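Read through the structure below, which is laid out as structure tokens, and then see the notes.
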Amino acid sequence: MTINGSHPRHHLDEIIHAPVRLSIVAALAAVKKAEFRFLRDTIEVSDSLLSKHIVTLEEAGYVRVQKGFVGKRARTWLSLTERGRQAFDAYVSVLQKIMNNSGGTSDASH
Amino acid sequence: MNAGDEFTAQQALGEIGRVGREVRRSARWGARYLVALGVGVGLYWAIVLFADPGLSLVAALAWFAFTAWSVVYACRSRVYFPAFTRLQWIVTGFLLASTVFNMWIRGYVREGEGALPVLVGLFGIVFAAGPPLYGAWRGQAALGEDKGPVA
């Protein structure tokens, strides 16, 4: 069997197509911005794991990180960049193409 | 989604839908706040415009407490939604305008006779309470429309 690269799975964004990073991007796509702890509680991961994946997304230019203080309490705000939103929209389109190609079931495991 | 590094397109879309629903559920607090704001400001102006003048001080203290709570609520908020972020400026503008209007008509409503002062006072209450309540409804509607790629 030869691989000619025509299957939609070849267009999946590798940065987003990882379980935790997908959850992060999906959550941020629904909001203007979210605080780090809100994201952690929503996705149900540890602080360190979330931080690690946010660094990856930030380096890819998908996520913007803003740090500040409310009183004496440090707050970290996360939001998707325009590039991140476009990448997420494109990623979802590819997923839907994969689903359509496979008739509702998917064999596009990563 | 408990998958390791491998997951299917169906799982990915399912996770996107799940996370989106979870996040949008948090927006209910924004709508509840606007409802509380609308009810509170309506009661405040109803007391100031129509009730015994002695109650105005009580209303002012209650409004001060609500404002203080609003500041705490805003500072503790952990997520901002585009729908409510847009609405807050519109609602704030209407609240300021209605405050100026109601302060201007206050003397007329309290001392006037007949039905017209009453109607003007009622209009002032609706002018103040209506926008936050409408904002709550519009905000919830916008969140419901924006279901993301997967409902």
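A few remarks follow.
- B:S26 vs. criteria within 14 Å of another protein chain (Cβ to nearest Cβ) and under 21 Å from the mean Cα position of the chain (by Cα): yes
- For the stretch A:90-99, the criterion of being touching a Phe, Trp or Tyr at 6+ places or on another chain (Cβ under 8 Å), at the interface with another protein chain (Cβ under 9 Å from one of its Cβ atoms) and surrounded by fewer than 20 Cβ atoms within 10 Å (Cβ to Cβ) is satisfied by no residue at all.
- Every test in (1) surrounded by 14 or more Cβ atoms within 10 Å (Cβ to Cβ); (2) within 17 Å of B:F127 (Cβ to Cβ) is passed by B:F81 save one, and that test is (2).
- Residue in the stretch B:30-49 that is within 14 Å of chain A (Cβ to nearest Cβ) and either surrounded by 13 or more Cβ atoms within 10 Å (Cβ to Cβ) or within 30 Å of A:R9 (Cβ to Cβ) (or both) present: yes
- Qualifying positions in the stretch B:19-29 - buried (at least 16 other Cβ atoms within 10 Å of the Cβ) and in contact (Cβ under 8 Å) with a residue 12 or more places away in the chain: B:G20, B:V23, B:R24, B:S26, B:A27
- Members of the stretch B:93-117 that are over 22 Å from B:A36 (Cα atoms) and without any contact (Cβ under 8 Å) to a residue 60 or more places away in the chain: B:W104, B:I105, B:R106, B:G107, B:Y108, B:E111, B:G112, B:E113, B:G114, B:A115, B:L116, B:P117
- In the stretch B:76-110, the residues that are part of a helix (DSSP H, G or I), of a type in the set (K, R) and either in contact with a Leu (Cβ under 9 Å, 6 or more places away or on another chain) or more than 12 Å from chain A (Cβ to nearest Cβ) (or both): B:R106, B:R110
- Residue in the stretch A:33-43 that is touching an Asp or Glu at 6+ places or on another chain (Cβ under 7 Å) and either crowded, with 21+ Cβ neighbours inside 10 Å or at pLDDT 90 or above (or both) present: yes
- B:W69 more than 14 Å from chain A (Cβ to nearest Cβ), farther than 30 Å from A:K97 by Cβ and assigned to a helix (DSSP H, G or I): yes
- Search result, residues across the stretch B:50-64 that are under 18 Å from the mean Cα position of the chain (by Cα) and surrounded by 13 or more Cβ atoms within 10 Å (Cβ to Cβ): B:A62, B:W63
- B:L13 being buried (at least 16 other Cβ atoms within 10 Å of the Cβ), within 22 Å of the chain's Cα centre (by Cα) and assigned to a helix (DSSP H, G or I): no
- Residues of the stretch A:1-56 that turn out to be facing chain B (nearest Cβ under 9 Å), over 14 Å from the mean Cα position of the chain (by Cα) and farther than 18 Å from B:R25 by Cβ, as a count: 3
- Scan the stretch A:59-84 for residues that are farther than 16 Å from A:S23 by Cβ and either touching an Asp or Glu at 6+ places or on another chain (Cβ under 6 Å) or not in a loop (DSSP other than H, G, I, E, B) (or both) and the total you get is 15.
- Residue count for the stretch B:36-62, restricted to those that are more than 12 Å from B:G124 (Cβ to Cβ), among the aliphatic types (A, V, I, L, M) and touching a residue at least 60 places away in the same chain (Cβ under 8 Å): 2
The values are calculated or read from the model by the stated rules, or taken from the named source; none is laboratory data. Here the structure is a predicted model, which is why all the values come from computation and not from measurement. Note that we place each Cβ from the backbone using ideal geometry, even for glycine, and neighbour counts take in every protein chain shown.
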